[in-house]
1. What is segment 1-123's relative contact order, in percent, from Cα pairs under 8 angstrom and six or more apart in sequence?
2. At a Förster radius of 41 Å, what calculated FRET efficiency corresponds to the Cβ-Cβ distance of Ile146 and Lys5, to the nearest 0.05?
3. Under a Cβ-only charge scheme (Lys and Arg +1, Asp and Glu -1), can you give me the dipole magnitude of segment 84-203 about the Cα centre, in debye to the nearest 20?
4. In nanometres, what is the gap between the two model label sites at Tyr170 and Lys112, each 7 Å from Cα along Cα-to-Cβ?
5. Of Leu145, Ala127, Asn172, whose Cα points farthest to the positive end of the dipole of the chain (charges on the beta-carbon: +1 Lys, Arg; -1 Asp, Glu; origin at the Cα centre)?
6. Probe of 1.4 angstrom, ligands and nucleic acids ignored: what's the accessible area per residue over the chain, in square angstrom?
7. Out of the total accessible area of segment 1-120 (probe 1.4 Å, heavy atoms of protein only), what percent is carbon and sulfur?
8. For Thr97, Thr26, give the ranking by accessible area with the largest first, probe 1.4 Å.
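The values are calculated or read from the model by the stated rules, or taken from the named source; none is laboratory data. This is a predicted model, so every value here is computed, not measured. Cβ coordinates were reconstructed from backbone atoms using ideal geometry, including for glycine residues, and neighbour counts include every protein chain displayed. Note: areas computed on protein heavy atoms with side chains; ligands, DNA, RNA excluded. Shrake-Rupley method; radii C 1.70, N 1.55, O 1.52, S 1.80 Å.
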Amino acid sequence: MKVSKKIQGKIENIIALKDKIIKWETLEKYEIQLVIKQFEKVPRDEVSNEYVAYLNDPSLGRALVEIAKSYNDDFRLISDIISSLGYLIIRYQLEETNEMYQLMLKYKDEKKGAVGVHVSFFLRDLAHFDNYVDKWKYYLSIKDLIPSKIAERVFLDVIRDKVEEIPLEYRNEIIRFIQSNCQHEDDLEYLVKKIEKKTNKIT
């Protein structure tokens, strides 16, 4: 099926960026930073089935992980890589590997470069996270990441999504945080009551 000129142009851009990423060892650091910054926008942008064949390539995922390992203290670069991998996995069915999961675990608490916040967008949706031992300890740590407003939003999304699963020992801490920091949320009162109702059933 013939695609539009707009889609074809984006496909050509994806192919060019992907080729550079896979051949990253031939590039200087500043070139890698630029390529990854440009590429990160691709899976984060509008989703199209036309891109799947180009974006769920395991060699692309491996290259991104290797770049992260080689430049592990460049937090801006790491943030873009985490975002790229997360969207590739969630939106474009890139096969999730243990290496990708371990990379996200490594930076889940990192506040520099907003790396930890980017990890929080995706970590709970990874298949490997099903076996994570103390999920709620991690969920509560999200609210302390930087930028704080984004971290709070992600934390509230987790609470809304998993309100039926909140362990009793974390109830009061979560309620206090919501009441102190989330006054702008329309469903604040409803959410607090739902947490109290659910946890009271447990007691």
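1. Contact order relative to length: 24 percent.
2. Details: r = 41 Å, r/R0 = 1.00.
Once the sixth-power term is evaluated, E becomes 0.50.
3. Here the size comes out at about 280 debye.
4. With each label placed 7 Å out from Cα toward Cβ, I get 2.8 nm.
5. The residue sitting farthest along the positive end of the dipole is Asn172.
6. 55 Å²
7. Looking at segment 1-120 in its full context, I get 48 percent from C and S.
8. Thr26, Thr97
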